[in-house]
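A.B. asks: Starting off with a structure, shown below.
The values are calculated or read from the model by the stated rules, or taken from the named source; none is laboratory data. Values in this document were obtained by computation on a predicted structure and should not be read as measured data. Positions of Cβ are backbone-derived with ideal geometry, glycine not excepted, and every protein chain shown enters the neighbour counts. Remember, those area values only see protein heavy atoms, side chains included, never the ligands or the DNA or RNA. Shrake-Rupley method; radii C 1.70, N 1.55, O 1.52, S 1.80 Å.
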Amino acid sequence: MHERSVVPGLPALVFAALTGTMAMMAYVAVVGPVVRLLGLAEWHAGLSVTAAGVLWMLSARRWGSLSDRIGRKRVLLIALAAYVLIYVAMAVFVDAALARPPALWLSVLVLVGTRALVGLFYAAVPPTAAALVADGAAPGQRASAMAKLGTANALGMVVGPAAAGWIAYHQLSLTLYIAALLPLLSLAAIAWRLPPDAPVRTAVKGPRARLGWTDARLRLPILAVFAAMVSVTIAQVTVGFFAIDRLHLSPADGARAAGLALTAVGVGLILAQVLVMKLVGVPPRRWIALGALVSGIGFASVALVDARWELLLAYAVAAFGMGFVFPSFQALAADSVQAHEQGAAAGTVASVQGLGMVIGPMLGTLLYQWRPSAPYLLVGALLLVLSVAAVRHRDGAMA
C-alpha cells in the first residue's frame, strides 16, 4: 500500500507533525535558562508546561469534533495560524524581557499564558491529522500511515531540543524566533499541499449519538494512550534525578546522561515505527500488546540499573516497544468508529493524551521522592495491564 495515494496530502501532514513537535520541544529546551535569567522560580517553568497540557486535554476533543463539522484543512489552518501568532508574541516578549526584565508577575503571566495558548491551538493538529489519515486509509491499514506521523513526532522530539540547545548557546532569544518560524512553514505546507475537504457530517443524516470518553469502542485506545503518556512523561521527568542519584553523577554529567537517554528514546521510537510502516497487515491491537510488553520490561528494568550504558539500553528498549503502541492506538480508534466520528474519536484520544501529560510528571516525581525505583516499577505494571487488555480485545473495524 502506498499511503501517498491513499491519504492525499500525507507528506504535508508529516511535515506539520515534525515542525510542530520541534517547536514545542524547543521551548522545553530553553525555558530553564529563560526562567533563571528573568529571576523566576523553577516551578514557574513547570507551571507553563502543565498549563499547556491542561488546555491540550480540554480542547483536543473539541478540535476533532470541529474538524468533522467544518472540514479538516480549515481547522488545521486556523489552529496553525494562531499557533504562529502566539509563538511570535512569546518570542518578542522574551527578547525584550532579557534586555530589560519586567516585573516578575508580568513575566510569569506572559510565559504561562502564551505557552498555555500554544497548547490550546497545537492540540488541534494531532487529532485532525489522525482523522485525515482515517478518512483516506482503509480499516486495518491505518497503523502504517499513523506510524509516519509518529516517526515525524519522534524525530521532532530528538532534533528540536538539540537544535534549540545549539542555537541558544549563541543567542537565547533567537531560538524562540526560529521556533516560531517552524509552524509558519507548517501552515504554508498545509495551505499549499493539502487538498480541500468537505465536512464529514454533512453526508450523515438523522440523529447521532455523541461520542464520549466512556464509549465502549474506545476503551482500549483510551487505556493505551493514557498508559503510554503517563509512562513516557514519568520517564522523562525522573531520568535526570535518577542519573544523578543512582549513578552518582554530578548535575552536569546527570543532565548529559539524561539527554543521551532521551536521544535513545527518539531512536527507539523511530526504528519501531519504521517497522510498523513495513508490516502493514498486523492488527493494531497486536502491536499494542507486543509494544506494551516490551516497553514495560524496558521501563521496569531501570529499577535494576547501576551503569550509564544500562540506563541507555533500558530506555532504548522501552522506547522501541512504545513505538509500536503510539501509532496503533490511533489506528485502533479510527478502525472502531464510523466515518462521521473520526474527528471526535481522534480528539477524544488526544484529550486523554493531554491528561497523561498532566498526571505523569506529578505522579512520577511524588513516587520518586518515596523511592527512586518506584516510578519505573509502576510503569512496568501499568504497561503489563495494557498488554493483557490488548490480548483480550477483539478486533472490530467499523469504518
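A.B. asks: Averaged per residue, what accessible surface does the range 232-337 expose to a 1.4 Å probe, in Å²? Present the calculation step by step, with values, prior to reporting the outcome.
C.D. replies: Values: 4010 Å² over 106 residues.
Ligands and nucleic acids excluded, the result is 38 Å² per residue.
A.B. asks: Same structure, new question: For the range 302-391, what % of the accessible area comes from carbon and sulfur atoms, probe 1.4 Å?
C.D. replies: Details: 2330 of 3160 Å².
Reported share for carbon and sulfur atoms: 74 percent.
A.B. asks: Counting pairs of alpha carbon atoms under 8 Å apart in space and at least six apart in sequence, what relative contact order in percent does the chain give?
C.D. replies: On the way: 723 pairs, mean separation 110.6, N = 399.
With pairs under 8 Å counted, the relative contact order is 28 percent.
A.B. asks: A further question on this structure: Before anything else, pin down the relative contact order of the range 55-203: Cα pairs under 8 Å, at least 6 apart, normalised by residue count, whole percent.
C.D. replies: Values: 129 pairs, mean separation 69.9, N = 149.
Relative contact order here is 47 percent.
A.B. asks: OK, next. Return P(r) of the range 1-123 (all Cα-Cα pairs; 5 Å bins starting at 0; whole %; ordered from short to long distances).
C.D. replies: Binned Cα distances yield the sequence 2, 10, 18, 21, 17, 12, 8, 6, 3, 2, 1, 0.
A.B. asks: Using the Kirkwood formula on the Cα atoms of the range 248-399, what hydrodynamic radius do you get, in angstrom to one decimal?
C.D. replies: Values: mean 1/r = 0.0602 Å⁻¹.
After inverting the pairwise mean of 1/r, the radius is 16.6 Å.
A.B. asks: Diagonalise the Cα gyration tensor of the range 282-354 and give the resulting equivalent ellipsoid semi-axes, square root of 5 times each eigenvalue, largest first, whole Å. Numbers along the way, then the final one.
C.D. replies: Details: eigenvalues 195, 30, 11 Å².
Taking √(5λ) for each eigenvalue gives 31, 12, 7 Å, largest first.
A.B. asks: When N counts the residues of the chain, how does its alpha-carbon radius of gyration compare numerically with 2.2 N^0.38 Å, as a ratio? Please report the intermediate quantities before stating the final value.
C.D. replies: Numbers: Rg = 20.3 Å, N = 399, 2.2 N^0.38 = 21.4 Å.
This ratio for the chain stands at 0.95.
A.B. asks: What's the ranking of 51-61, 342-352, 315-325 by average number of surrounding C-beta atoms within 10 Å, highest first?
C.D. replies: Values: 51-61: 22.4, 342-352: 28.2, 315-325: 26.4.
Answer by packing, highest mean first, reads 342-352, 315-325, 51-61.
A.B. asks: Under a GNM of the chain (C-alpha, springs under 10 Å), which listed residue has the highest mean-square fluctuation: SER301, SER67, SER231?
C.D. replies: Answer for the Gaussian network model of the chain: SER301.
A.B. asks: Of the peptides 220-229, 357-366, how do they stack up when ordered by the mean number of other Cβ atoms within 10 Å, highest first?
C.D. replies: On the way: 220-229: 24.8, 357-366: 18.7.
Descending mean neighbour count gives 220-229, 357-366.
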